[in-house]
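Have a look at the structure below, then the notes.
Each reported figure results from applying straightforward, stated rules to the coordinates on display, with no laboratory input. Here the structure is a predicted model, which means the values were calculated and not measured. Virtual Cβ from ideal backbone geometry, glycine too; neighbours counted across all protein chains shown.
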Amino acid sequence: MSELSRREFIKLAGATAAAAGLGGLSTACGGLVPGSAQKELPIFGMWPLTGALADHAPGLKAGMTLALEEFGNKILDRPIKYIERDDETKADVGVRRLEETIESDNVKFLIGPWSSGVAVATADVVKRRKVVNIVSVGTEEISGARCNRYAFQWAAQAYTAIDTDLQHFMRLNPNNKKWYLLIADYAFGHTMEKYVKLLAPKYGIEIVGTDRHPLDEKEMSGYATKAINSGANCVCMANFGLTAVQAQRTLFNFGFTPKNPVIWTWSVLVEEMTNLQQEMCENLWIGTSFYYTIDTPIAKAFVQKYRERYKQPPGYAGGAAYGMTRILLRAIEKAKSTEPADVVKAMEGWEVDDLVGPMKIDAKTHQMWRPYFFVKCKKKAEMKDQYDYGDVVGTGNVQTPDDVMQCKSIGEL
């Protein structure tokens with residue numbers, strides 16, 4: 001993070017969380033109400049506090065904190081015990097942390113994890129241990145091949161995201177049809193690559209080359225050289241976090257952009273853009289499940305609270321954590337119960353206006369059908385302030401065709 005450094009942000013987030021009764025790895029939000037026999041309701045936030053996606057952790061913590069505070073740190077008159085653990089952006093660690101926390105705290109509600117790879121690994125635990133889980137990840141598997149009655153996908157489905165990206169990019173850049181793909185070699189990247197290649201013919205796009213790299217790759221020179229030598233006039237990236245930042249920086253330093261456009265198919269935006277010099281962002285086009293200029297009443301109120309508290313706007317990480325937590329708490333209210341099966345039933349088929357606008361939770365797949373946003377980044381001279389990174393130039397909410405969705409049966413409770 002930049003103007004407000006990551007270290008400063010973490011301190012501020014930790015201080016405000018502690019003030020709200022949220023600090024530490026396992027803390028009751030506000031504690032037991034004096035004289036009340038109501039038991040605490042544990043809600044688990046599993047985030048990448050360390051590892052390849054650790055840069056997103058401050059926003060995730062902040063967004064979840066604000067959602068819990070909005071409900072007074074209680075639900076159905078039960079004080080909420082917010083539990084936080086580090087999955088280290090590693091699948092095996094995430095599985096172990098989830099199993100441990102279920103055993104130690106009898107957790108039945110999970111927000112996260114943030115990494116697609118970790119979410120895929122924990123999906124079987126969620127199903128077996130009957131834990132209501134809301135995630136916001138890029139892989140299609142949570143509402144696809146690994147769908148189950150207890151897992152819900154808050155983020156736009158990957159097909160929706162890629163269709164939105166391609167549709168609006170080609171509408172605004174009709175001559176940039178020769179694409180080179182730069183893909184993070186894990187579940188998220190594989191899903192994005194699949195749908196770019198599936199939908200490219202629909203929009204007249206030619207894929208002239210593809211390269212895969214590790215999630216935490218730091219040396220992008222070789223990849224940039226191959227992209228430039230391929231004859232592509234657009235690089236389309238499906239990576240994340242500081243790896244995306246380093247790839248963009250390298251393409252800029254090698255002279256590919258801003259002469260040629262670069263697309264980030266799926267981005268946290270604010271959390272990543274604060275790590276780039278603004279001149280490197282010209283002719284950068286970004287897809288995201290949340291941007292802080294979204295014009296809904298809930299988004300406006302959330303952004304205002306976030307800016308007042310943390311001195312900068314939320315990115316996708318903060319928005320997703322807030323949105324997931326808010327939906328969960330509203331679902332518990334709707335169910336009038338803290339029993340997982342009751343909450344699942346209350347969510348299935350639910351049509352609701354929330355953070356990003358109208359949403360519908362598909363009872364057959366547990367995918368939340370909702371808008372996806374496509375952002376054109378601004379030149380430095382066009383920015384109104386240091387966080388005015390771009391404008392939303394298109395949205396999309398096309399649903400994935402039934403024959404493409406891989407959730408064959410959502411299963412039993």
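Structure values in brief
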item: Over the chain: helical MRE at 222 nm, DSSP H runs n ≥ 4 each giving -39500 (n - 2.57), nearest 500; result: -11500 deg cm²/dmol
item: Label corresponding to log10 I(q)/I(0) by the Debye sum over Cα atoms at q = 0.08, 0.10, 0.14 Å⁻¹ when calculated from the structure given, among (1) -0.68, -0.99, -1.34; (2) -0.39, -0.62, -1.24; (3) -0.50, -0.77, -1.37; result: (2)
item: Other-chain or far-sequence residues with amide H under 5 Å of G209's (modelled H); result: L181
item: K305 paired with D353, simple spin-label distance in nm, labels 7 Å along Cα-to-beta-carbon; result: 1.8 nm
item: The chain: most fluctuating residue of V262, V392, V352 per GNM, C-alpha cutoff 10 Å; result: V352
item: GNM flexibility winner over the chain from M192, M170, M359 (Cα, springs under 10 Å); result: M170
item: In order through the range 389-406: 3J(HN,Hα) via Karplus (6.51 cos²θ - 1.76 cosθ + 1.60), integer Hz, x for Gly, Pro; result: 6, x, 10, 6, 10, x, 10, x, 9, 4, 7, 5, x, 4, 6, 9, 4, 9
item: Check: the range 207-350 dipole with +1 on Lys, Arg Cβ and -1 on Asp, Glu Cβ, in debye; result: 360 debye
item: Residues K336 and R249, FRET efficiency given R0 of 60 Å [Cβ-Cβ distance, rounded to 0.05]; result: 0.75
item: Share antiparallel - DSSP beta bridges, the chain, percent rounded to 5; result: 40 percent
item: Sequence-distant residues sharing a close amide H with E88 (under 5 Å, placed H); result: L49, T50
item: Members of K226/K380; K74/K360; K336/K376; K90/K259; K61/K202; K300/K360 lying beyond 31 Å, as alpha-carbon distances in this model show; result: K336/K376; K90/K259; K61/K202
item: 5 angstrom amide H check on I43, placed H, neighbours 5+ away; result: K81, Y82, I83
item: Listed residues C236, V95, A187: farthest to the positive end of the dipole of the chain (Cβ charges); result: C236
